[in-house]
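Undergrad: One structure follows; several queries about it will come next.
Taken together, the values in this text are just the output of simple stated rules run on the coordinates, not laboratory data. Since we're looking at a predicted model, the values are computed, not measured. Methodologically, a virtual Cβ is constructed for each residue, glycine included, from the backbone with ideal geometry; neighbour enumeration extends over all protein chains shown.
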Amino acid sequence: MKIIVRFKTGFELPVTCDKFNITKNPYTDEIGRYDIEGTKDNLPLFFRSEDIECIYGDVTSDEAD
């Protein structure tokens, strides 16, 4: 699976991984936690959830399900 993490600065980080999960804050609907498993490339070492604008799947990727 390929996901794109877009930061509020406009920078986009493509990540290929086996599994990705987002937990949202039930009161604000903002990203509260993220888990990335089986990263194949662009392993993010650290970023703050509040710096993320959005996360989406790359539907143009050849790996799209």
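Undergrad: Given the chain, what whole percent of its Cα pairs are spread farther than 14 Å?
TA: 57
Undergrad: Give me the one-decimal nm value for the distance between modelled label points at residue 43 and residue 13, 7 Å along each residue's Cα-to-Cβ direction.
TA: Output for this residue pair reads 1.3 nm.
Undergrad: For a Förster distance of 25 Å, can you work out the FRET efficiency between the beta-carbons of residue 35 and residue 4, rounded to the nearest 0.05? Working shown, then result.
TA: On the way: r = 17 Å, r/R0 = 0.66.
Efficiency at R0 = 25 Å is approximately 0.90.
Undergrad: Hey, got a sec? Which trypsin sites (Lys or Arg not before Pro) in the range 4-33 land in a DSSP loop and have at most 14 other Cβ atoms within 10 Å? It would help to have the intermediate numbers written out before the result.
TA: Details: sites: 6, 8, 19, 24, 33; in loops: 8.
Sparse-neighbourhood loop trypsin sites (Lys or Arg not before Pro): 8.
Undergrad: According to a simple spin-label model (label point 7 Å from Cα along Cα-to-Cβ), what is the distance in nm between residue 27 and residue 53?
TA: That separation, rounded to one decimal, is 2.7 nm.
Undergrad: Can you give me the relative contact order of the range 2-57 as a percent, contacts being Cα pairs under 8 Å and 6 or more apart? Walk me through the numbers before you get to the answer.
TA: Values: 92 pairs, mean separation 23.7, N = 56.
Across the range 2-57, relative contact order equals 42 percent.
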